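Derivation of every value follows stated rules applied to the coordinates shown; laboratory data play no part. Fair warning: this is a prediction, and the values are worked out from it, not measured in the lab. When we count neighbours, we look across all protein chains shown, and the Cβ atoms used for this are built from the backbone with ideal geometry, even at glycine.
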Amino acid sequence: MTQPVFRFAPSPNGRLHLGHAYSALLNAELAKRVRGRFLLRIEDIDLTRCRPELEAGIYEDLAWLGLAWEEPVRRQSEHFGEYRAAVERLKARELVYPCFCSRKEIATAVAARAAAAGAAPPRDPDGAPLYPGTCRLLAPAEVGRRLAAGESHAWRLDVAKAARAVTPPLGYARFAPDGSEAFVAARPERWGDAIVARKEIPTSYHLAVVLDDALQGVTHVVRGQDLEAATDLHVVLQNLFDLPTPRYHHHALIRDEAGGKLSKILFSEPLADLRARGVTAEEVRKRLGFG
């Protein structure tokens, strides 16, 4: 029987907070419960926001919590060539196309279509305007001209074409900490044609995480409910690359006193600040239910 493999995969674009601590501790606890392996992966494809000192802070915070992980730690920024090769495979199958639209252009186009139809603008699960597939309809000659001119672009997955290329039923096993499981059907169409790579970064979160999980033999993905919908896209990519689909558990989010989601963007109190205030790792673990 294959040994279970769990992973905690933070991005070094801010200091870890209690939400990260809960996810890391839960992964380690579940791995221990089934005598599995616990991996740490650094998801640092965003070279603008990710910084070495923040990566060092991740190691410091996790060690303070009492966690240990296998070495070496996989850093995504060291594997851009692998991601680039995967995108080339999708291009060869004509499953992706270049998109030259800016976020502002997409929002404007979506709003205009919705207004003409007298409906609310459609949005993807993250709340962003649902891309209407504008560049999918461009003539090949225009695409070639714009690429040759060096126009900024992203590569989008043609979700409808990809859905026809995969083997049904498309979905994944959702598991609970008690060991029970249920099949969940994937609905990738609610994302529209999602981005899998950009001109300046040869991958996206969705593509990199799928390839890394398979390469590292991850069998159980444990992450927050805010990433549950992303699994729809991950299952599609796993199928297209003939990769195994892990089991998934999306845990409830740790929230602040007002009920809001903890977030780096909202400057939720980092573990480092708690530590500086004299809060102990034991107190944090007990507060999160790992005492």
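Structural remarks
- Considering only Ala68, Ala28, Ala229, the Gaussian network model of the chain with Cα springs below 10 Å gives its largest mean-square fluctuation to Ala68.
- Measuring between their Cα centroids, the stretch 276-291 and the stretch 66-88 lie 30 Å from each other.
- Comparing Arg145, Arg136, Arg15 in a Gaussian network model of the chain where C-alpha atoms under 10 Å apart are linked, the largest mean-square fluctuation is found at Arg145.
- Computed Rg/Rh of the chain, alpha carbon atoms with Kirkwood Rh: 0.98
- Whole-angstrom Cα spans of the stretch 131-225 along principal axes, big to small: 55, 25, 22
- Cβ-isolated cysteines (cut-off 4.7 Å), the chain: Cys50, Cys101
- Label-to-label distance, Arg103 versus Glu142, with points set 7 angstrom from Cα along the beta-carbon direction: 2.5 nm.
- In the distance distribution for the stretch 9-114, Cα-Cα pairs more than 20 Å apart total 58 percent.
- Comparing Pro169, Pro12, Pro177 in a Gaussian network model of the chain (Cα springs below 10 Å), the most mobile by mean-square fluctuation is Pro169.
- The per residue volume of the convex hull around the alpha-carbon atoms of the stretch 165-279 is 176 Å³.
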